[in-house]
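Q: Below are the structure tokens for one structure; questions will follow.
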Amino acid sequence: MNILLADDHEVVRRGLKQILAEEFPDAVFGEAGTGPETLDRAREANWDLLVLDINMPGRSGLEVLAELKVRQPKLRVLVLSMSPEEEYAVRVLKRGAAGYLTKQAVATELVGATRKIVAGGRYISVVAAEQLAASLGHAENLHDQLSDRELQVLRLLAVGRSVKEIAADLFLSEKTVFTYRDRLRTKLVLKGDVELARYALQHHLVE
């Protein structure tokens, strides 16, 4: 089994590798620490599974996933996130991911998710499944219309990151981040950063 681990924190990659290596001793592992590096490494071998962090430097995990589904549609992708909200589970599954798992649950569920996905199935955590079921039939939220990048900027603004810091984190110009912020205010019908942060908290888009 060939497994590519994509996360910007080396300690996280090391932990994922340790967990999986214990269950799959013959597995061959590759690693990537940024979005562009993940795309490059994905082309280098026939990976059976890509474990992809949703928050990656350079290009977000959602952007990487979208491009991989065009380039390598057969690649099985398990997306990891620090946030347990159903918004991301919906987004990654719609974009072709084979599974969604929160980092809090990695130690107990990663092996099971890997087995199911490599066997051709799909996986989301029990909590995410319950949230998805509960959301069926509910009216669409305003943030459902946001692009992946807009949602990413919203979450960063909500946790207090400045425009300058967000630009550096996402490898964007400050002017571009200002544009995204203006779009967020328009789409969510909000006036300022305080209201954006309050909205994100109320809708569980940040912890």
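Taken together, the values in this text are just the output of simple stated rules run on the coordinates, not laboratory data. Bear in mind that the values here come from a model prediction, so they are computed numbers and not experimental data. So basically every Cβ, Gly included, is an ideal-geometry build from the backbone, and we count neighbours across all protein chains shown.
Q: Restricting to Cα pairs below 8 Å that are 6+ residues apart, what does the relative contact order work out to for the chain? Please round to a whole percent.
A: Rounded, it is 16 percent for the chain.
Q: Same structure, new question: For the range 54-110, place one equal point scatterer on every Cα, skip the solvent, and apply the Debye formula. What is log10 of I(q)/I(0) at q = 0.15, 0.17, 0.28 Å⁻¹?
A: -0.40, -0.51, -1.20
Q: Taking DSSP loops as anything outside H, G, I, E and B, show the longest stretch in the chain free of trypsin sites (Lys or Arg not before Pro) there with at most 15 other beta carbons within 10 Å.
A: Working: sites that count: K74, R122, K191.
With a cap of 15 other Cβ atoms within 10 Å, the longest stretch comes to 1-73.
Q: Follow-up question, since we're still on this one. For the chain, what is the mean residue ellipticity at 222 nm derived from helices alone (per DSSP H run of n ≥ 4: -39500 (n - 2.57); sum divided by total residues; nearest 500 deg cm²/dmol)?
A: -16500 deg cm²/dmol
Q: If you don't mind, there's one more thing I want to ask. Would you mind checking which residues have amide H under 5 Å from H203's amide H? H placed 1.01 Å from N; only 5 or more apart, or other chain.
A: none
Q: Give me the angle, in degrees from 0 to 90, between the Cα long axis of helix 126-135 and the longest principal axis of the Cα atoms of the chain, rounded to the nearest 10.
A: Compared with the principal axis, the helix lies near 40 degrees.
Q: With viscosity set to 1.306 mPa s at 10 °C, what whole-number translational diffusion coefficient in µm²/s follows for the chain from Stokes-Einstein and a Kirkwood radius over Cα pairs?
A: D = 90 µm²/s.
Q: Give me the angle, in degrees from 0 to 90, between the Cα long axis of helix 10-23 and the longest principal axis of the Cα atoms of the chain, rounded to the nearest 10.
A: With rounding to tens, the tilt is 40 degrees.
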